[in-house]
Amino acid sequence: MSGLYDRLAMYSRGDYYPMHMPGHKRNKALLSMVNPYEIDITEIPGFDNLYEPQGILFELCNRISSLYKAKKSYPLINGSTGGILAGISAATNRGDTVLVARNCHKSVYHGIALMELTPIYLYPEFSTEASINCGIFPGKIEEMLITHKNIKAVIITSPTYEGIVSDIKTISKIVHSHGAVLIVDEAHGAHFGFDPRFPESAVTLGADIVIQSLHKTLPAFTQTAVIHCNNHKLCRRLEKYLAIYQTSSPSYVMMAGIDKCISLLEDRGRALFDDYYCRLVEFYQAIKQLNNLRIITKEILTYNNIFKLDPSKITVLTKGVLFNGKPLNGHQLGELLLDKYHIIVEMVARDYVLGMTSIADTKEGFDRFANGLIDLDKELTIGSMSDHNDYIETIKLFQPFQAMTPYRAMELETEVVDLQSCQGRISANIITLYPPGIPLIVPGERIDQEFIEYIGSSIKEGLTVTGLIGDNKLIEVIMQE
């Protein structure tokens, strides 16, 4: 009986092309490593300690901070999730109030619950044209800080999964003028700041704590990330929480992968990004042939006053497009790309698919993706936007009533009920569409009929819903008194 290893080995010998993370894209021509078993060690003499670095790992921290122009930086082997948990814990005290962008990753909500924080939610702009959540307006943050003077920290995601970048420089000035701390989940922006044709990193734009996933957009192993601290008052506290939220047996294989990624950027970063950008330009030029499918550009999102858009994210819209006379959704387009061209995209949503690229993508990979889209486009026709209007409104982030804090909800007794009969109950779990893992409802929020219908239609369309129970038919709620 073959197991996971055998299946992975067989998959690696196939011809499937990854338009998804990790950012190394299994590109052996760019990256190589000895047998991982040969370098899998523990904290033996000469190899330092991740949580009390004084030698070679201390040097790695300094190299990372120098490369990203941060005051202090730390490698992470528990992904951006570990960094987000540590960052929130370092920047707040138990019971504080925080301003949170509602499109933050579920790990942010876990951090809120762990510190017993009271969240006030800030909703990003929504593009009905592209069916995606956009950036956070600085003015909205200032309004909230004026109204809620007890906010201790502001937590936002920039860039978003689809590459929407908020005006971090202006936001950081506003946040600091009100005496709060700015935490930026820049998990999808580890490649920022290395080339002026890509957005600047929040690290150099005034954020206090910035978390980046190396593995998402750079050549590094899954689970590797970095966290940057630009606020000296928080750094020591951050170090303490990093040791709490990460394993006491950090993988030297993963840390070696971080080291190799940083070395690659130090030695060849400028040339690699120059070649990469040229390949992106060629791709965008090639797909101008598309007549039905559309690629998200800043021009398409003009109505939403987008600050910046990361060109590395390729979001292909299906809204208003017909396949065999019927509306085409993202799930179907993803399956067509997989079955016909052996291209695996990062995410399928209702109205689009998302392809993730990096400096490790090859010209052949870009060409295959472009040619696949062009070829499929010939089989499609333009329909009516009304074919998709049945869920344009409900695809927005929900604004449910917060009956209690996430921490309080996670402390109470729960029961499992049928999803179709849970209207009015209080959720005890985080429910997300995954990827990207942005919560639709969090513990402590009241469930309404709109949420129930949206989840039902998402499951019907083949999208992945996490947080439900029993083949997606049951949901955990707070037990009624």
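Overview of results
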quantity	calculated
The range 81-102, subset out of contact with any Ser or Thr (no Cβ under 6 Å at 6 or more places or on another chain) and of a type in the set (S, T, N, Q), residue nearest to Ile244 (Cα to Cα)	Ser89
Residue that is without any contact (Cβ under 8 Å) to a residue 40 or more places away in the chain, in contact with a helix residue (DSSP H, G or I) (Cβ under 7 Å, 6 or more places away or on another chain) and crowded, with 24+ Cβ neighbours inside 10 Å, where the choices are Val203, Val184, Val226	Val184
Residue check for Ser73: surrounded by 22 or more Cβ atoms within 10 Å (Cβ to Cβ) and under 23 Å from Ile136 (Cα atoms)	no
Answer residue from the range 330-360, given it is among the hydroxyl-bearing types (Ser, Thr, Tyr) and part of a loop (DSSP other than H, G, I, E, B) and is surrounded by the fewest Cβ atoms within 10 Å (Cβ to Cβ) among those	Ser358
Any hit, the range 130-141, residues being more than 17 Å from the chain's Cα centre (by Cα) and aliphatic (A, V, I, L, M)	yes
Hits in the range 388-409 - residues which are modelled with pLDDT of 55 or more and either assigned to a loop (DSSP other than H, G, I, E, B) or of a type in the set (Asp, Glu) (or both)	Lys396, Leu397, Phe398, Gln399, Pro400, Phe401, Ala403, Met404, Thr405
Unique residue being of a type in the set (Lys, Arg), out of contact with any Cys (no Cβ under 8 Å at 6 or more places or on another chain), surrounded by 17 or more Cβ atoms within 10 Å (Cβ to Cβ) and in the same structural domain as Lys169 (by TED's automatic domain parsing) when the list is Lys233, Lys216, Lys240	Lys216
Search result, residues across the range 293-329 that are under 26 Å from Phe137 (Cα atoms), among the β-branched types (Val, Ile, Thr) and assigned to a strand (DSSP E or B)	Ile295, Ile314, Thr315, Val316
Condition met for Pro45 (in a loop (DSSP other than H, G, I, E, B) and either more than 23 Å from Leu272 (Cα to Cα) or not assigned by TED's automatic domain parsing to the domain that holds Thr315 (or both))	yes
Odd one out for Thr432, checked against (1) at pLDDT below 90; (2) among the hydroxyl-bearing types (Ser, Thr, Tyr); (3) within 22 Å of the chain's Cα centre (by Cα)	(1)
Any hit, the range 60-78, residues being assigned to a helix (DSSP H, G or I) and either under 15 Å from Leu117 (Cα atoms) or at pLDDT below 95 (or both)	no
Lys149 being of a type in the set (Lys, Arg) and in contact with a His (Cβ under 9 Å, 6 or more places away or on another chain)	yes
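One line per residue, one yes/no per condition, for (1) surrounded by fewer than 23 Cβ atoms within 10 Å (Cβ to Cβ); (2) in the same structural domain as Val353 (by TED's automatic domain parsing); (3) in contact with an Asp or Glu (Cβ under 9 Å, 6 or more places away or on another chain):
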| position | (1), (2), (3) |
| --- | --- |
| Ile112 | no, no, no |
| Glu125 | yes, no, no |
| Asn133 | no, no, yes |
| Ile164 | no, no, yes |
| Ser172 | yes, no, yes |
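Residue-wise test of (1) part of a helix (DSSP H, G or I); (2) surrounded by fewer than 19 Cβ atoms within 10 Å (Cβ to Cβ); (3) outside the structural domain of Tyr68 (by TED's automatic domain parsing).
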{"residue": "Ala207", "(1), (2), (3)": "no, no, no"}
{"residue": "Ile244", "(1), (2), (3)": "yes, yes, no"}
{"residue": "Ser248", "(1), (2), (3)": "no, yes, no"}
{"residue": "Met255", "(1), (2), (3)": "yes, no, no"}
{"residue": "Leu280", "(1), (2), (3)": "yes, yes, yes"}
{"residue": "Asn291", "(1), (2), (3)": "no, yes, yes"}
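The values are calculated or read from the model by the stated rules, or taken from the named source; none is laboratory data. Just so we're clear, the structure is a prediction, and the values are computed from it rather than from any experiment. As a convention, Cβ positions derive from the backbone with ideal geometry for all residues, glycine included, and neighbour counts pool all protein chains shown.
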